[in-house]
2 protein chains.
Amino acid sequence: MKAVEWLGDALRIIDQTLLPHTLKYIDIRDYPDVAEAIKTLRVRGAPAIGIAAAYGIALGAQRIAAADRSEFLSEYETIAELFSQSRPTAVNLFHAIERMGQVLEKQHTMDSMKSALIDEAKSIHEEEEIATKRLSEYGASLIGENFTILTHCNAGPLATAGYGTALGVIIEAHRQGKRIQVFVDETRPLLQGARLTAWELMKEHIPATLITDSMAGYFLSRGRINCVIVGADRIAANGDTANKIGTYSLAVLAHENAVPFYVAAPLSTVDTKIESGSDIPIEERKPDEVTTIAGHRIAPDGAVAANPAFDVTPHRYIHAIITEKGIIRKPYNFT
Amino acid sequence: MKAVEWLGDALRIIDQTLLPHTLKYIDIRDYPDVAEAIKTLRVRGAPAIGIAAAYGIALGAQRIAAADRSEFLSEYETIAELFSQSRPTAVNLFHAIERMGQVLEKQHTMDSMKSALIDEAKSIHEEEEIATKRLSEYGASLIGENFTILTHCNAGPLATAGYGTALGVIIEAHRQGKRIQVFVDETRPLLQGARLTAWELMKEHIPATLITDSMAGYFLSRGRINCVIVGADRIAANGDTANKIGTYSLAVLAHENAVPFYVAAPLSTVDTKIESGSDIPIEERKPDEVTTIAGHRIAPDGAVAANPAFDVTPHRYIHAIITEKGIIRKPYNFT
C-alpha cells in the first residue's frame, strides 16, 4: 500500500476520503487535479501533502510548451501558485514548493528543468521516507513495555507517504516486540482517527481502542494512558506546534495528568522562519464538515458552525519533539 | 413543547433520539416502555429521567391487582427495580424512586397508594420545574453583557422537563435582554449538543455556533469564551460532578485559560451520600454508539471502541454550582 506513488507520467494516490470502507487508487495526470486532491483531503497529512505537491508541480511542468526559459518560468509560477493556495497550515507544502523552485535555478534548458523537477520530487519523497523511518526508530525508545499510547488524527503511512510519524513510532515499537496498545481519538470533524488510524493499526495487528475526542481526558485522568504522541503540520522555531484541531486540548489534559506529550515530525515540518505558534496560519474549512457526517445532517437546518482545522500547542506542554536527527527537548533548537 | 407530560392514564414524551429532524411525541401506557425510553435515551437529562421514572412507577402501580398491601408492595418493588436498573449515573433517578417508595409508607389502602403515587410524581415534576426556573434566575446573574458562553451536551427544557439547567441560565440571561452568544459542543457520541442544544437555542433566537468537542480548547485558548456552563448527572457531597463525557476536559481547559466553569443543577442532582466523585458509577454504553453515526459506520469493521457515557470533574475546577437555593461556592456544602 502506497499513499502516493509516481508512475512516470501520472501520480497515483489513495483516495483517503473513501477509507476505511473502500480502498481506491486514483491516477492523476493533470496537475490541477493534484491540487484539488490536496484541498479535498483525498491526500492529506503534512509530509504527504508536501510530496504530492512536489509531484504535482513536476507533472504540471512536463506539459509546459514555452518558447524560452522566461516563458517557462512564468508558466511554472502559475502551477506552483495553485499549490501554494491549496492548504495554508502544513509547512511541508511550502518547503516542497520552495525546493522545487530552487532546482530550476541550476538548469538552463527546458528538458533539463523538466527532468530535474521530477528528480527533485522523487528526492523529497525518498528523503521523507528515510526521515520518517529514522524518527520512528528514535521515537520507539520512548515507548516502554506494556505502554498504552494515545494518538490523535492520523500520522501514519497514509499521512506521510512513508513510514509514519506518530504512528511510525508506534508501529516501530510494536515491530521491536514491545507489547503496546493504542487509544485512538476519532478526530472530528473528518474522523481521520476512526477512518484511517484505526485501519492502519488493524493492518499492523496493533491492539487499538477507538474513542471520541471527548473521552481522551477521561482515560488520561484515570491513569490509563502512558504517553500521548501526535504528528504536526507546522512547528515554529520555539517548538510551538500546529496540528489537527483537538491536539492542544490533549496536550493540556496530558500536562494536567502528568502524562508525557510527544510530537513526532520530520524536520521538513519545522518552520524556522516563524518564531512562535501565534504566527502560524490556521485553516478555516467549510462549516458543513461539522454539521454533516457522511452525508447525514446532524444539526438543525440553518445552524451555524465554526470549523478551524488546526490548533496550536504551546511548546511548554510538549515533552519532546521526535525528529530524524534525534529526540529534541526544551529549549527547542532545530538548527 | 413539553419533554414529559402526564396524561392521566399515560405518559407523553418527545422521542429525543429523532430530533432535530423529527419532533415526535409518544404516549406510553405500559411502565416497561417508560424504562426502555429512559435506557434508549428517548427521554434523557438527569432531571427529566427522574420525572419520567416517577411517572413510570405511578403508571405501573395503577395496574397492580393485589389481594393485600404486602402483595401490592411486592409487585411495586418489581416495578421500581426495573427503573433502578435503567441508567446508573444520574442520581435524580434514584432520588425519585426513593421518594415514590416513601409515599407508600403513609398510605394503607390500594386506592390511596395508587393515587398518592400519581400525586408524588406530579410533585416531583412541579418541584423540578420551579427549581430549574429559580436556579436559572440565580445563574443569569453570572452572565455579563456580550458574554460568549460555552456549553456541552444538552441541559435545556428537554433535559429537565422544566426550564433547563445550564441552558436555563442562558435562556434566562437572554430573556433579561443581555446580548449573549453560545458556543455549543456537538457532544459525541450521541450529539446531544448538535441535535438538541442547537435546536433549543434556535427556538429561543439565541445566536449559537456549533463546534466539535475538540474545538472547545481552541476557542478557550483564544479568549473567545467568557464562561462555561454545564448541567450535571450527579454531584458528590464535596462538589465533584459527574456529567456527560467531555465535561472534565472542558473544565481543565477552562481552568488552564482562567475562564470560569459553572455547574447548574437542582439539588435533586446532589448525592450527599457520596463523599467524592470517585464513588460515582459511570455508565459504559455500547461501542456501536462510537463506531456508528446515524446508522453509518465510521470505523473499520471489527474496530474496538470504548464508550464511557460520563466523566467526573473534580470540584477544584468548578467555580460555582448554581442551584435553586442560590449560587454555592467552594468549599461546597449542600446541607
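Structure notes:
- Cross-chain or 6+ apart pairs with Cβ under 8 Å, segment B:263-279 first and open to solvent by 40 Å² or more (accessible area, probe 1.4 Å), then assigned to a loop (DSSP other than H, G, I, E, B) and at pLDDT below 95: B:L267/B:F334; B:T272/B:F334; B:T272/B:T335
- Selected residue [modelled with pLDDT of 95 or more, under 22 Å from the mean Cα position of the chain (by Cα) and over 20 Å from B:T160 (Cα atoms)] from B:A237, B:A264: B:A237
- For segment B:214-231, filtering for residues that are outside any helix (DSSP H, G or I) and touching a helix residue (DSSP H, G or I) at 6+ places or on another chain (Cβ under 9 Å) leaves 7.
- Here A:L210, A:L201, A:L250 are screened, and the one residue that is on the phi < 0 side of the Ramachandran plot, in a strand (DSSP E or B) and touching a strand residue (DSSP E or B) at 6+ places or on another chain (Cβ under 6 Å) is A:L210.
- Hits in segment A:65-87 - residues which are surrounded by 19 or more Cβ atoms within 10 Å (Cβ to Cβ) and outside any helix (DSSP H, G or I): A:S86, A:R87
- Scope segment A:281-297; condition open to solvent by 50 Å² or more (accessible area, probe 1.4 Å) and touching a strand residue (DSSP E or B) at 6+ places or on another chain (Cβ under 7 Å); matching residues: A:E284, A:P287, A:A294, A:H296
- For segment B:2-45, the candidate set comprises residues that are assigned to a loop (DSSP other than H, G, I, E, B) and within 14 Å of chain A (Cβ to nearest Cβ); within that set, the residue that is most open to solvent (accessible area, probe 1.4 Å) is B:H21.
- Any hit, segment B:93-100, residues being open to solvent by 70 Å² or more (accessible area, probe 1.4 Å) and not in a helix (DSSP H, G or I): no
- Cβ-Cβ distances below 7 Å connect the following pairs, each with a first residue in segment B:191-203 that is more than 7 Å from every other protein chain (Cβ to nearest Cβ) and within 12 Å of B:L167 (Cα to Cα), a second residue that is open to solvent by less than 10 Å² (accessible area, probe 1.4 Å) and part of a helix (DSSP H, G or I), and a separation of six or more residues or different chains: B:L196/B:Q16; B:L196/B:L158; B:T197/B:L167; B:E200/B:L158; B:E200/B:L167.
- Residue match in segment A:154-177 (condition: more than 21 Å from A:K122 (Cα to Cα), without any contact (Cβ under 8 Å) to a residue 60 or more places away in the chain, assigned to a loop (DSSP other than H, G, I, E, B) and open to solvent by 10 Å² or more (accessible area, probe 1.4 Å)): yes
- Only one of B:I211, B:I180 that is more than 10 Å from chain A (Cβ to nearest Cβ) and farther than 20 Å from B:A46 by Cβ: B:I180
- Selection within segment B:233-247 - open to solvent by less than 10 Å² (accessible area, probe 1.4 Å) and in contact with a helix residue (DSSP H, G or I) (Cβ under 6 Å, 6 or more places away or on another chain): B:I235, B:A236, B:G239, B:I245, B:G246
- Being in contact with a strand residue (DSSP E or B) (Cβ under 8 Å, 6 or more places away or on another chain), surrounded by fewer than 24 Cβ atoms within 10 Å (Cβ to Cβ) and farther than 30 Å from A:G60 by Cα is a property that A:I149 lacks.
- Restricting segment B:300-315 to residues that are open to solvent by 10 Å² or more (accessible area, probe 1.4 Å) and touching a residue at least 12 places away in the same chain (Cβ under 8 Å), the residue that is farthest from the chain's Cα centre (by Cα): B:A303
The values are calculated or read from the model by the stated rules, or taken from the named source; none is laboratory data. All figures in this text were calculated on a predicted structure; none of them were measured in a lab. Every residue, glycine as well, gets a Cβ built from its backbone with ideal geometry; the counts of neighbours run over all protein chains shown. Heads up: the accessible areas ignore ligands, DNA and RNA and are worked out on the full protein's heavy atoms, side chains in. Shrake-Rupley method; radii C 1.70, N 1.55, O 1.52, S 1.80 Å.
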